[in-house]
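In what follows, a single structure is set out as structure tokens and then discussed.
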Amino acid sequence: MTMRIFDRLAPLWRAEARSRLTRNVSTGIALALMFINCAAAQQLSTALDSNAIMGFETPAGWFVTGNNATIPTESPTTTRTQGKSALAVTIPSNLTKLTSMPVASTATALAGVGNSGAIFQVDVMLPLQQGNSNNSGQLQLFVNSPSRGLSKVLVGSVNFSGFRLGTYHTMKFPIPPAIGSALGAAPFNDLTFQFFIGSPGTGQGTYLFDNLRVHSVPLVTATAGTQPPPGYGGSVDFVVFGGTPEAQLFDAAPVQVPDSFHLKLGTVGATTVQLDLGYDGTPSFTCTYDADTTDATGKSYRLQSCSGGIQAGDILGASWAKLTIVAGDPSMKLRAQLAKNPVGDQTGGGIIPAMPTFWGDFDGCIPAVVADKAVPPYTSRSATCASQTAEATQIATAYVKKMQNSDPAPNWIVTPMPEFARRHGDGSPHNNLTGPPPPKDPPFDDEGHLNPGGDWDAYWRVFGNLTYGTSGFDFTTHFDGTADAHVVLWGQDVDALSIQAMADSDVGPTNLGNPKVSGCLHVYLFGAEIQVTGSGNDVNDCTPSNASPSIGFTYHAGDSTNI
């Protein structure tokens with residue numbers, strides 16, 4: 001009996017032994033793999049740039065896990081708000097965790113993390129497919145930094161309800177004071193982020209993540225000399241002729257969908273305007289603009305509709321845009337400035353009203369010369385410049401009122417720099433004469449502008465002539481030249497400094513021992529002449545005794561009554 005019992009139990013003991021051996025081997029392999037993975041992760045985190053991790057520039061910077069047998073997948077995508085790549089996370093489970101590799105305190109994206117009022121922000125695109133129509137889910141953010149005493153601390157939660165599907169939205173997590181103080185007090189290199197994506201209903205859609213960063217920008221009362229923070233403001237500029245489309249490539253950034261366009265030349269008629277926004281030459285969204293029937297001039301278009309439910313004022317991530325006057329003819333010209341980074345790197349809808357794409361004619365001003373005037377009031381004002389100023393003021397005032405009525409959240413709001421306020425020259429010489437004689441030969445007339453044709457400008461001009469001839473056996477020359485420095489203020493051209501010179505020479509056999517050289521010089525500062533003396537004669541006297549190469553010139557400013 002004993003033997004029989006033993007015979008029956010032996011296979012069970014052998015099976016248990018094999019099971020223990022299998023478990024021990026499996027445990028050993030698991031531990032070995034864990035150590036290998038930890039070592040690999042440590043090496044990888046050392047190789048990866050912290051900003052690349054926070055910018056989702058590489059899938060190696062993040063890994064995902066789920067709460068069921070199906071593992072969520074991750075992959076890079078070029079549908080982004082900045083950089084070259086974002087991260088696509090396909091969600092097969094109700095709860096998915098997205099965990100970063102370690103990040104160092106030196107990361108640019110962490111600047112200001114310890115400041116009061118700082119916020120963690122991340123751009124997220126919610127999928128069009130929703131697992132539960134009654135519960136769109138939520139996003140939670142945790143941080144972990146053993147060296148700073150932080151262990152899976154909850155930063156905050158954002159509910160997905162209210163966010164439009166299929167486009168990026170900036171989701172915000174105010175940094176609690178305890179976390180901000182810990183991260184801002186000392187350097188670290190072990191900060192990890194963990195997002196918990198609660199998505200009721202399994203196997204639905206793909207979430208896109210980009211640009212995790214700290215937002216810490218102080219709000220101030222702006223004045224004329226106040227500069228916006230880095231990353232705020234800019235534009236995507238178009239000049240479209242007829243029906244020929246124009247496309248622009250640029251670094252990925254938030255770009256606002258406008259509500260209107262304005263023709264520079266021509267009238268709308270039966271044409272429409274099409275705006276495409278997307279990435280690297282491929283459109284993601286298309287908007288159509290029809291004639292604005294409220295504009296009596298027939299030069300305006302108004303948004304009719306956009307694909308994907310996009311609305312006027314939405315701020316989308318893009319790196320490419322194309323503008324077309326559909327059925328346009330060669331007589332039509334459209335200038336447009338799409339607002340880029342109007343509220344910094346923030347994306348989404350309903351943030352601020354749509355900005356104008358047209359801020360007034362920058363080339364409609366012909367400055368009027370104001371003689372002998374250095375300070376207001378000016379007696380002469382160009383009608384074209386006054387009209388341009390009034391037009392720009394009207395557009396800006398209307399948008400400010402629209403902004404006030406929308407009551408946006410506190411933030412910097414930066415418009416594109418209007419065309420008329422930009423510098424359109426670099427001061428390089430431009431010859432005003434055409435045809436022979438060759439450029440730079442007398443007569444000459446050169447000038448260089450910083451902003452030619454603008455309400456605000458500074459420019460120089462040098463013009464004059466050099467002639468020569470004979471008088472009997474003698475050789476004569478005559479030179480006259482003027483060098484001016486001008487400033488243009490609100491369309492008034494003020495001659496700030498003018499130097500006028502004239503010189504004559506007469507040399508030849510008849511006066512070989514006594515060549516005749518004479519000249520005079522006049523200097524004007526804001527229209528008032530500065531005293532210039534040669535040999536003591538009157539400044540307006542250009543007789544030979546007034547100045548000569550051997551005597552030279554003496555300059556001195558007169559008293560205040562002469563200027």
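Observations on the structure shown:
- Heavy-atom accessible area with a 1.4 Å probe sorts Thr357, Thr78, largest first, into Thr78, Thr357.
- Among the listed pairs Lys299/Lys401; Lys264/Lys401; Lys84/Lys333; Lys84/Lys322; Lys84/Lys340; Lys322/Lys402, those with a Cα-Cα distance over 29 Å are Lys84/Lys333.
- Solvent-accessible surface ranking, highest first, for Lys97, Lys401, Lys152 at 1.4 angstrom: Lys152, Lys401, Lys97
- Three-way shape call for the stretch 119-245 based on the alpha-carbon gyration tensor, with the a/c threshold at 1.5: oblate
- When only Cα pairs below 8 angstrom with a gap of at least 6 residues are kept, the stretch 232-356 shows a relative contact order of 45 percent.
- Inter-label distance, nm, simple model (7 Å from Cα along the C-beta direction), Thr272/Ser387: 3.3 nm
- Cα→Cβ-extended label distance, 7 Å offset, between Ala528 and Thr477, nm: 3.6 nm
- A probe of 1.4 angstrom, applied to the heavy atoms of all protein chains, finds His478 with accessible area near 50 square angstrom.
- Extreme residue, positive dipole direction of the stretch 267-416, given options Trp320, Ala398, Gly269 (C-beta unit charges): Ala398
- Potential extension, Gln304-Ile71 segment - 0.36 nm per residue separation minus Cα distance: 79.6 nm
- Length added when fully stretched, Val326-Asp445, from 0.36 nm per residue minus Cα-Cα: 38.5 nm
- Between Thr397 and Leu497, the contour length at 0.36 nm per residue exceeds the Cα-Cα span by 32.4 nm.
- Cross-link reach list, lysines versus Lys152, counting only Cα pairs under 20 Å and skipping chain neighbours closer than eight places: Lys97, Lys172
- Efficiency of FRET from Cβ geometry, Gln227 and Thr108, R₀ 22 Å, rounded to 0.05: 0.70
- Label sites at Gln138 and Ala409, each approximated as a point 7 angstrom past Cα along Cα to Cβ, lie 1.7 nm apart.
- Residues with amide H under 5 Å from that of Leu128, placed H, sequence gap 5 or more: Gly166, Thr206
- Remark: the stretch 207-221, residue by residue, has Karplus-estimated 3J(HN,Hα) of 9, 10, 10, 7, 6, 6, 7, 9, 9, 8, 10, x, 8, 9, 7 Hz, where x stands for each Gly or Pro and the curve is 6.51 cos²θ - 1.76 cosθ + 1.60 at θ = phi - 60°.
- Taking amide H atoms as placed 1.01 Å from N in the peptide plane, the amide H of Ala252 lies under 5 Å from those of Gly83, each 5 or more residues away in sequence or on another chain.
- Solvent-accessible ranking of Thr467, Thr167, Thr288, largest area first, probe 1.4 Å: Thr467, Thr288, Thr167
The values are calculated or read from the model by the stated rules, or taken from the named source; none is laboratory data. Not measured: the values here are computed from a predicted model. Because the Cβ atoms are built from the backbone with ideal geometry, glycine has one as well, and the counts that use them run over all protein chains shown. The area values use the complete protein model at the heavy-atom level, side chains included, leaving out ligands, DNA and RNA. Shrake-Rupley method; radii C 1.70, N 1.55, O 1.52, S 1.80 Å.
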